[in-house]
Amino acid sequence: MELAAGTRIDHEKYGEGIISNVSIAGYEVFFARGGKMELSRSNKDFEVLEAVESSDDSPKVSIADLEKVFNNLLEQTGAIPEPVDFADKWLGGTLVLKPHHEKLKPHEMPIDGFFHKVVMVRDRLRVLEQNINSHPKLSDEDKVNIQQYITRIYGSLTSFNVIFKNKEDHFVGTGK
């Protein structure tokens, strides 16, 4: 079967994606987890979820249409992080790291930028957790063992819970 732009696939390694362009050599696919990838026509590592067959009279898919579908897919899989509200008392503040030695000057950075990095760590841990739990080659025992490390990481990050406005955004370790 000849696949066309707009076909939804599920790849073993990269997850769900949408074919955006078809060439003689293969398919250009946008994946929720892996970004844009080129797959050869002989690649058998994916399953067609929703086929769009190629024909001269098939509707052309615009980039705008692909963006809508792709954003929808990203939202459904949780790949787009939800906005996180920081506690109002921190907004606009500055983080100052002051070294013990007086000859060294302190380092300052906007606290919003620092908080953003902490949230990125949390979101990437959640994606890692999802990937581990859905991995086809890991045994349940392996998944549990790896999950324990992630839970410990969350526990180590609970000190940063002071930055969040809402409790549901907090890091939670093994104690809760």
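What is the order of 104, 3, 128, fewest Cβ neighbours within 10 Å to most?
104, 128, 3
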Which entries of 13/68; 117/165; 44/68; 13/143; 98/165 show an alpha-carbon separation above 19 angstrom in the structure shown?
13/68; 44/68; 98/165
Mind giving me the FRET efficiency for residue 162 and residue 13? R0 is 35 Å, r the Cβ-Cβ distance, nearest 0.05 is fine.
0.40
Neighbour counts of other C-beta atoms within 10 Å: give me 20, 139 arranged from fewest to most.
139, 20
In terms of modelled amide H atoms, which long-range or inter-chain residues lie less than 5 Å from the amide H of residue 164?
87
Chain lengthening between residue 2 and residue 133 when straightened (0.36 nm per residue, less Cα-Cα):
43.9 nm
In segment 90-134, trypsin sites (Lys or Arg not before Pro) in a DSSP loop with at most 12 other beta-carbon atoms within 10 Å:
103
Given a Förster distance of 30 Å, the FRET efficiency implied by the Cβ-Cβ spacing of residue 145 and residue 117, rounded to the nearest 0.05, works out to 0.60
Phi-derived 3J(HN,Hα) across segment 105-115 with the Karplus relation (6.51, -1.76, 1.60, θ = phi - 60°), rounded Hz, x for Gly and Pro, is 8, x, 10, 10, 8, x, 5, 4, x, 5, 4
Rounded to whole Å and sorted largest first, list the principal axis extents of the Cα atoms in segment 88-169.
53, 31, 16
Taking the Cα centre of each part, how many Å lie between segment 121-176 and segment 4-46?
29
Calculated from backbone phi, Karplus (6.51, -1.76, 1.60) coupling profile of segment 146-159 in Hz, x at Gly/Pro:
5, 4, 4, 5, 5, 4, 5, 5, 4, x, 5, 8, 5, 4
Hey, what do the phi angles of segment 93-103 turn into as Karplus ³J(HN,Hα) couplings, whole Hz, using 6.51/-1.76/1.60 and θ = phi - 60°, x for Gly and Pro?
x, 10, 8, 10, 9, 10, x, 5, 6, 5, 6
Only counting other Cβ atoms within 10 Å, I'd like 159, 42 sorted with the fewest neighbours first.
42, 159
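Rule-based calculations on the coordinates, nothing more; no lab input. Only a predicted model underlies this, so the values are computations on that prediction, with no experimental measurement involved. No Cβ is skipped: glycine too gets one built from the backbone with ideal geometry, and neighbour counts run over all protein chains shown.
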